[in-house]
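Student: Quick one: this structure, given as structure tokens, is what I'll be asking you about.
The values are calculated or read from the model by the stated rules, or taken from the named source; none is laboratory data. It should be emphasised that the depicted structure is a prediction, and the values quoted were computed from it without experimental measurement. Backbone-built Cβ (ideal geometry, glycine too); neighbour counts: all protein chains shown.
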Amino acid sequence: MKPVVITEYERFYYADDGNTEYRQGSGWHVPRRLLERLQAFDNAYALKHRGVTVFDWSARGYVKATNHVGVIQVPGLMVEILPKIDTPASRAENERLAQENLLYMLAFTRRVPLLERDLASLSRQNMPLLDALISIFVERLITELLRGLDHAYVHREENLTCLKGKLLIPQQISRNAVHRERAFVGYDDFVADTWLNRIIKAACRRLPGMTSLSHLQKRLRETLTLLDDVSEREIGRHDFDRVHLTRNNERFRPLLEFCRLVLCDESPTAAMGKRQTFSLLFPMEKLFEEFIAAFICRHAAYFGLERACIHVQARGREKPLLLRDDGSHRFRLKPDIVIERSPHEVQLIIDTKWKHLKTSDEDVNNGVAQSDIYQLYAYSHRYHSSHNVLLFPRVSGVPRRSLRLIGADGEAQTKCIHIEFIDLHRNMRQEAQKLKEELSEIINRTAHGVS
């Protein structure tokens, strides 16, 4: 199935004629009956996500994507939502770049079982996002299965014609008093029929229906052959708790997490006959936050930082904003990244914002929300942080700036809120060094109060 490919906040339109979606003029046109299925999916999704929807359905003639990226499949329609990339290249080139960057961010944050070295081969294949993820999953899975299936010892008690394991005397006396040719024994059997393998097999049963590429379907059938000795089960969310990862099967962890997304993701799975709904969705602002945090942590030495002094989501460094009369805390503050100079002495706070800012001609504040400034003000006050950064994706024509806080006396303080930008409108995997250089400049400049 060829997907409808759009970017965040892009529209696609109702088409009352025809049976399939098509691209024309201002964007994609999708038959109304397919959009009704998509809306049913979105309504069910909102029920599980506190009213948050993937699309805005308020307009009469079109549907608008929100800030989610990923893929949604409903009967007869697949929608691929990519991050918005502002480059002068053609739409096809922008879509390819956006998909590569999305996969890079998902791999870097370990949201999918994808190694960064896999991305080079994927970029040459030029396939839809879901097919790309399935391709990486099945190739890694076959590699691991050929290294050896997960095995575990299972205790069995049976009445056999040979002695195996330990003879169970009470059962032998009660059952085989007149059958001396038999032995009631207990033994441990080393088998591949483990919950880990059952979950993987269930995922491999479901995945062929999610791709139309024959070579992927063939590879998935090969995995089922390798898992032939594993029983087939209906897998629920609780079954993942039965899996015990050890040093011997830890290599399957990324594959297990992908199986979790396939078999019991947070999105609704609505059956329509034998056709199913599937989604793999990520809020872009959360993914951006995780990516920047992971990137800074991995390259801490390059930035001149101690890894132990970087606290993601203020882990271990949360602070309350308010106290009630009974002494209980309210409104806990959790900055995205807290960088300390020494234990409990904050050097820099970074809060990421996935937002397309405006030029100064469009808005004197460039579209920076008051709530974001208030949030950084609270961080600065409670963490005694002199330098606090709002980090946005770069937008052409929008300059970085530093804003000084005003004290109770009306005078400017030494504390600052810095509006900074990182350029994500390029191939982030191939130009990772430039990304490091940019972040290094931002960290060193703002941490030392250099304008």
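Student: Every residue in segment 303-320 that is on the phi > 0 side of the Ramachandran plot and either touching a residue at least 24 places away in the same chain (Cβ under 8 Å) or in contact with an Asp or Glu (Cβ under 7 Å, 6 or more places away or on another chain) (or both), please. Break it down stepwise before answering.
Tutor: From segment 303-320, those on the phi > 0 side of the Ramachandran plot are 304, 313-314, 316; that's our starting set.
Result: G304, Q313, A314.
Student: Return only the number of the condition from (1) over 30 Å from G76 (Cβ atoms); (2) under 29 Å from the mean Cα position of the chain (by Cα); (3) modelled with pLDDT of 80 or more that R205 does not satisfy.
Tutor: Tallying (1) over 30 Å from G76 (Cβ atoms); (2) under 29 Å from the mean Cα position of the chain (by Cα); (3) modelled with pLDDT of 80 or more, R205 fails exactly one: (1).
Student: Sticking with this one: Taking the criterion of being within 22 Å of V364 (Cβ to Cβ) and under 28 Å from the mean Cα position of the chain (by Cα), would at least one residue in segment 420-433 satisfy it? I'd like the intermediate steps shown before the answer.
Tutor: Start the filter on segment 420-433 by keeping residues that are within 22 Å of V364 (Cβ to Cβ), which leaves 420-421.
Okay, now just the ones that are also under 28 Å from the mean Cα position of the chain (by Cα), so 420-421.
Yes.
Student: If you go through segment 258-266 one residue at a time, do you hit one that is at pLDDT 90 or above, assigned to a helix (DSSP H, G or I), among the aliphatic types (A, V, I, L, M) and surrounded by 13 or more Cβ atoms within 10 Å (Cβ to Cβ)?
Tutor: Checked against the condition, which is being at pLDDT 90 or above, assigned to a helix (DSSP H, G or I), among the aliphatic types (A, V, I, L, M) and surrounded by 13 or more Cβ atoms within 10 Å (Cβ to Cβ), segment 258-266 yields no hits at all.
Residues are listed down the side, and each one gets a yes or a no for (1) within 24 Å of F282 (Cα to Cα); (2) β-branched (V, I, T); (3) modelled with pLDDT under 90:
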residue: E306; (1), (2), (3): no, no, no
residue: K358; (1), (2), (3): no, no, yes
residue: V364; (1), (2), (3): no, yes, yes
residue: L403; (1), (2), (3): no, no, yes
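Student: Additional query: Please count how many residues of segment 284-312 are aliphatic (A, V, I, L, M) and buried (at least 20 other Cβ atoms within 10 Å of the Cβ).
Tutor: So in segment 284-312, the residues aliphatic (A, V, I, L, M) come out as 284, 287, 292-294, 296, 300-301, 305, 308, 310, 312.
Among the residues that remain, those that are also buried (at least 20 other Cβ atoms within 10 Å of the Cβ) are: 284, 287, 292, 296, 305.
Total meeting the criteria: 5.
Student: On to the next question. Taking the residues in segment 144-189 that are among the aliphatic types (A, V, I, L, M) and within 25 Å of H244 (Cβ to Cβ) as candidates, determine which candidate is surrounded by the fewest Cβ atoms within 10 Å (Cβ to Cβ).
Tutor: Here is the first cut: in segment 144-189, the ones among the aliphatic types (A, V, I, L, M) are 145-146, 149, 152, 154, 160, 163, 167-169, 173, 177-178, 183, 185.
Still in the list and also within 25 Å of H244 (Cβ to Cβ): 145-146, 149, 152, 154.
Numbers: L145: 20, L146: 9, L149: 20, A152: 18, V154: 12.
Result: L146.
Student: Within segment 7-52, track down each residue that is surrounded by fewer than 15 Cβ atoms within 10 Å (Cβ to Cβ) and among the β-branched types (V, I, T).
Tutor: Once the filter is applied, which keeps residues that are surrounded by fewer than 15 Cβ atoms within 10 Å (Cβ to Cβ) and among the β-branched types (V, I, T), segment 7-52 yields T20, V52.
Student: Another question about this same structure. Does E8 fit the bill of being within 20 Å of the chain's Cα centre (by Cα), modelled with pLDDT of 90 or more, of a type in the set (D, E, K, R) and outside the structural domain of V395 (by TED's automatic domain parsing)? Don't jump to the end; show me each part of the working.
Tutor: Values: within 20 Å of the chain's Cα centre (by Cα): yes; modelled with pLDDT of 90 or more: yes; of a type in the set (D, E, K, R): yes; outside the structural domain of V395 (by TED's automatic domain parsing): yes.
So E8 fits the description; yes.
Student: With (1) part of a strand (DSSP E or B); (2) among the aliphatic types (A, V, I, L, M); (3) under 13 Å from L281 (Cα atoms) as the list, and V5 as the residue in question, which single condition is left unmet?
Tutor: That leaves (3) as the condition not met.
Student: (1) surrounded by fewer than 17 Cβ atoms within 10 Å (Cβ to Cβ); (2) farther than 21 Å from Y383 by Cα; (3) charged (D, E, K, R): which one isn't true of R429, the others all being true?
Tutor: (1)
Student: Do we find that L357 is in contact with a His (Cβ under 9 Å, 6 or more places away or on another chain), in contact (Cβ under 8 Å) with a residue 24 or more places away in the chain and in the same structural domain as L321 (by TED's automatic domain parsing) in this structure? Before you say what the answer is, go through the steps one by one.
Tutor: Details: in contact with a His (Cβ under 9 Å, 6 or more places away or on another chain): no; in contact (Cβ under 8 Å) with a residue 24 or more places away in the chain: yes; in the same structural domain as L321 (by TED's automatic domain parsing): yes.
It is false that L357 is in contact with a His (Cβ under 9 Å, 6 or more places away or on another chain), in contact (Cβ under 8 Å) with a residue 24 or more places away in the chain and in the same structural domain as L321 (by TED's automatic domain parsing).
Student: Only residues that are part of a strand (DSSP E or B) and not acidic (D, E): list them for segment 179-226, please. If you could, list the steps in order and put the result at the bottom.
Tutor: In the first step, residues of segment 179-226 are kept if they are part of a strand (DSSP E or B); the result is 183-191.
If the condition is that a residue be part of a strand (DSSP E or B) and not acidic (D, E), then A183, F184, V185, G186, Y187, F190, V191 are the ones that fit.
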